[in-house]
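Asks: Please see the structure below; I have some questions.
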Amino acid sequence: MSMTTPSATLDDIEKLGLAKENINNMSKIIQILSPLLPPELTTTQQFNLAFYYRLLAYLTAACNATHYWLWSPSRDLLRTCFEMVVKGLFFIAYPEEAEKVKKRLEAGDEKAFDYSITRTLLPKLYKKEKKVDHEKFYKAICPYSHADIQGAILNFKDNAKERQDCVGIICALEYASIILLRDSFTVFINPQLDEEMEKVVQRLQKCILMAPDFKPDDLRA
């Protein structure tokens with residue numbers, strides 16, 4: 001499963017429609033996967049399955065916000081999506097951390113999932129160049145996701161560049177969501193599932209304008 005150079009033949013409205021279609025296909029993927037899963041999942045799998053369902057909801061909402069030219073709300077949602085993907089990939093690479101979070105949750109710790117994306121998670125997942133790529137991607141989402149005047153001004157930018165950016169980020173995070181699901185449940189993916197995932201990836205090749213390499217490096221050694 002790999003990405004190639006994105007196509008420039010689709011306009012942003014078509015890409016947004018494709019992004020919405022991809023979410024429907026991502027829902028189909030989880031419908032195929034669910035009956036194949038055992039009654040008992042690992043803690044990492046439990047967390048990442050919950051993340052995936054939430055990603056579907058947030059990506060749908062981001063598509064709708066972008067459709068109505070609401071750039072700031074769209075990026076609020078996309079920032080949360082990015083953080084869920086990174087946390088999920090972190091739990092795959094460090095399953096013992098998922099166990100720690102579970103124990104903290106069971107003890108009533110409401111901040112059990114609080115990790116610094118830039119200071120803690122990205123350095124543990126990616127080597128220098130890839131880490132910088134992820135930091136740039138995160139920075140492109142974050143400036144407008146706070147309750148300040150900068151975020152408010154964004155909603156009055158009625159221009160194609162903002163729409164293009166939002167659509168590109170949505171598609172990149174759809175791709176990242178597929179990686180998260182695939183890497184969480186590799187042993188359960190049958191040929192039908194693999195085919196459905198590949199269909200989503202092929203469609204996304206037409207939409208992604210900017211995306212870091214989400215596949216983590218092996219930094220445990």
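The values are calculated or read from the model by the stated rules, or taken from the named source; none is laboratory data. None of the values given here were measured: they were computed from a predicted structure. Note: ideal-geometry Cβ built from the backbone for every residue, glycine included; neighbour counts use all protein chains shown.
Asks: Output the number of the condition that Ser34 fails; it satisfies all remaining conditions of (1) surrounded by 13 or more Cβ atoms within 10 Å (Cβ to Cβ); (2) more than 29 Å from Lys161 (Cα to Cα).
Replies: Result: Ser34 fails condition (1) only.
Asks: Checking Ser27 against (1) within 15 Å of the chain's Cα centre (by Cα); (2) of a type in the set (Gly, Ala, Ser); (3) surrounded by 17 or more Cβ atoms within 10 Å (Cβ to Cβ), which test does it fail?
Replies: That leaves (3) as the condition not met.
This table checks each residue for (1) in contact with a strand residue (DSSP E or B) (Cβ under 9 Å, 6 or more places away or on another chain); (2) closer than 18 Å to Ile13 by Cα; (3) among the acidic types (Asp, Glu); (4) without any contact (Cβ under 8 Å) to a residue 24 or more places away in the chain.
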| position | (1), (2), (3), (4) |
| --- | --- |
| Leu70 | no, yes, no, no |
| Leu77 | no, no, no, yes |
| Glu83 | no, no, yes, no |
| Phe90 | no, no, no, no |
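Asks: Would you point out which residue out of Ala57, Ala65 is farther than 18 Å from Ile189 by Cβ and either modelled with pLDDT of 95 or more or part of a loop (DSSP other than H, G, I, E, B) (or both)?
Replies: Numbers: Ala65 fails: either modelled with pLDDT of 95 or more or part of a loop (DSSP other than H, G, I, E, B) (or both).
Just a single option satisfies the conditions, and that option is Ala57.
Asks: Where residues in the range 174-190 are in contact (Cβ under 8 Å) with a residue 24 or more places away in the chain and polar (S, T, N, Q), which of them is nearest to Asn48 (Cα to Cα)? Reasoning before the result, please.
Replies: Step one: filter the range 174-190 for residues in contact (Cβ under 8 Å) with a residue 24 or more places away in the chain, giving 174-185, 188-190.
If we keep only those that are polar (S, T, N, Q) as well, we get 177, 184, 190.
On the way: Ser177: 10, Ser184: 7, Asn190: 19 Å.
For the range 174-190, the residue satisfying everything is Ser184.
Asks: Which members of the range 12-27 meet the condition of being touching a residue at least 40 places away in the same chain (Cβ under 8 Å) and more than 15 Å from Gln202 (Cβ to Cβ)?
Replies: Of everything in the range 12-27, those that are touching a residue at least 40 places away in the same chain (Cβ under 8 Å) and more than 15 Å from Gln202 (Cβ to Cβ) turn out to be Asp12, Leu16, Lys20, Ile23.
Asks: Another question, then. Please list, ordered by first then second residue, the pairs with beta carbon atoms under 7 Å, 6 or more apart or interchain, first in the range 191-211 and farther than 11 Å from Leu18 by Cα, second assigned to a helix (DSSP H, G or I) and polar (S, T, N, Q).
Replies: Every condition considered, the pairs that remain are Glu196/Asn25; Lys199/Asn25; Leu209/Gln164.
Asks: While we're looking at this one, here's another question. Within the range 74-88, track down each residue that is of a type in the set (Val, Ile, Thr) and surrounded by 21 or more Cβ atoms within 10 Å (Cβ to Cβ).
Replies: Answer for the range 74-88, where residues must be of a type in the set (Val, Ile, Thr) and surrounded by 21 or more Cβ atoms within 10 Å (Cβ to Cβ): Val85, Val86.
Asks: For the list (1) within 18 Å of the chain's Cα centre (by Cα); (2) surrounded by fewer than 15 Cβ atoms within 10 Å (Cβ to Cβ); (3) of a type outside the set (Asp, Glu), I need the number of the one condition that Tyr52 fails.
Replies: (2)
Asks: Given the criteria touching an Asp or Glu at 6+ places or on another chain (Cβ under 9 Å) and of a type in the set (A, V, I, L, M), does Ala19 qualify?
Replies: yes
Asks: Select, from Phe91, Phe113, the only residue that is in contact with a helix residue (DSSP H, G or I) (Cβ under 9 Å, 6 or more places away or on another chain) and surrounded by 15 or more Cβ atoms within 10 Å (Cβ to Cβ).
Replies: Matching residue, one of Phe91, Phe113: Phe91.
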